[in-house]
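Visitor: One structure coming up, written as structure tokens, with questions to follow.
Derivation of every value follows stated rules applied to the coordinates shown; laboratory data play no part. This structure is a prediction, so every number in the text was calculated from the model and none was measured. Neighbour counts are summed over all protein chains in view; Cβ atoms, including those assigned to glycine, are modelled from backbone coordinates with ideal geometry.
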Amino acid sequence: MIKLNSADEMLKFGMEVSRSIHAPLSIYLVGALGSGKTVFARGLLAGLDVQDTITSPSYLVAKEHIDARIRAVHIDLFRIDSYDKFRSLGLEEYFDGTWVVICEWADRINELGFSNVIVLQFRTTGHEERSIEIDRVNVVGQSLLLEAILKFDYD
Ligand SMILES: Nc1ncnc2c1ncn2[C@@H]1O[C@H](COP(=O)(O)OP(=O)(O)OP(=O)(O)O)[C@@H](O)[C@H]1O
Ligand SMILES: [Mg+2]
């Protein structure tokens with residue numbers, strides 16, 4: 001289990017992890033409202049040298065960051081309650097293996113694939129304390145990324 005004691009620590013964790021990311025990769029962020037998914041995503045994207053402001057994409061569903069070191073997309077499926085809606089918004093194309101996908105509320109859509117995927121479970125464990133558990137890992141050639149995550153995983 002990874003423990004983050006403040007939003008700042010969460011941000012730094014995201015930045016640290018993003019240093020060793022390679023496409024294709026999807027990071028599925030799962031956890032309740034306010035558990036820190038967007039803060040983590042912001043850290044990841046900042047580490048990918050994204051220049052524009054990184055807000056929650058909730059209202060947009062998907063925000064592309066093509067100025068990033070690696071073509072990245074930040075998706076939020078909170079309001080997407082069916083696979084039909086997911087498809088009608090054209091979100092499938094982001095899972096074609098050419099993007100780094102950072103997907104909040106990935107558990108909303110059961111049909112999402114699990115190749116090149118890391119699933120992280122976020123929990124609020126205190127006022128400013130959050131935990132992250134690695135729920136599932138199915139990646140090839142991301143050994144540096146896994147190392148970076150495991151460095152923080154001390155339980
Ligand atoms: N250790 C921490 N890690 C991350 N965020 C923290 C932490 N401590 C406090 N916070 C605060 O908790 C909130 C987390 O919000 P965030 O938008 O990242 O959650 P979320 O999981 O994306 O929620 P949602 O499901 O609504 O998208 C922020 O206001 C942040 O400042
Ligand atoms: Mg969020």
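Visitor: If I take every Cα pair under 8 Å that is 6 or more residues apart in the chain, average their sequence separation and divide by the length, what percent do I get for the relative contact order?
Guide: Numbers: 311 pairs, mean separation 52.8, N = 155.
Answer for the chain is 34 percent.
Visitor: Can you pull out the trypsin sites (Lys or Arg not before Pro) in region 33-107 that DSSP calls coil and that have at most 16 other Cβ atoms within 10 Å? Mind dumping the intermediate values first?
Guide: Working: sites: Lys37, Arg42, Lys63, Arg69, Arg71, Arg79, Lys85, Arg87; in loops: Arg69, Arg71, Arg79.
Answer in residue order: Arg69, Arg71, Arg79.
Visitor: What are the GluC sites (Glu not before Pro) within region 73-155 that DSSP puts in a loop, where the Cβ has at most 10 other Cβ atoms within 10 Å? Let's see the in-between values first.
Guide: Working: sites: Glu92, Glu93, Glu104, Glu111, Glu128, Glu129, Glu133, Glu147; in loops: Glu111, Glu128, Glu129.
In loop regions of region 73-155 (DSSP not H, G, I, E or B), the sparsely surrounded GluC sites (Glu not before Pro) are Glu111.
Visitor: I've got another one for you. Can you tell me which lysines have their Cα less than 20 Å from the Cα of Lys12? Leave out same-chain residues fewer than eight positions away.
Guide: Lys12 reaches Lys3, Lys37, Lys151.
Visitor: Something else: Rule-of-thumb check for the chain: C-alpha Rg over 2.2 N^0.38 Å?
Guide: 0.95
Visitor: Here is a further query. Quick one: of the DSSP bridges fully inside region 41-121, what percent are antiparallel, nearest 5?
Guide: On the way: 4 of 9 bridges.
About 45 percent, rounded to the nearest 5.
Visitor: Rounded, prolate or oblate for region 1-46? Axes are the square roots of the Cα gyration tensor eigenvalues, ordered a ≥ b ≥ c, and the cut-off for rounded is a/c under 1.5. Spell out each step's value before the answer.
Guide: Values: a/c = 1.94, a/b = 1.35, b/c = 1.44.
In terms of gyration-tensor shape, oblate.
Visitor: While we're on this one: Hey, what did region 33-112 get for relative contact order, percent, Cα under 8 Å, at least 6 apart? Write out the running numbers ahead of the final one.
Guide: Working: 105 pairs, mean separation 21.7, N = 80.
Computed over region 33-112, the figure is 27 percent.
Visitor: Related question: Within the chain, what is the longest stretch that has no chymotrypsin sites (Phe, Trp or Tyr not before Pro) placed in a DSSP loop and near at most 13 other beta-carbon atoms within 10 Å?
Guide: Values: sites that count: Phe114, Tyr154.
Counting only loop sites that pass the neighbour cut-off, the longest clear stretch is 1-113.
Visitor: Something else now. For the chain, what is the mean residue ellipticity at 222 nm derived from helices alone (per DSSP H run of n ≥ 4: -39500 (n - 2.57); sum divided by total residues; nearest 500 deg cm²/dmol)?
Guide: Numbers: 4 runs with 39 residues, N = 155.
It comes out at -7500 deg cm²/dmol, rounded to the nearest 500.
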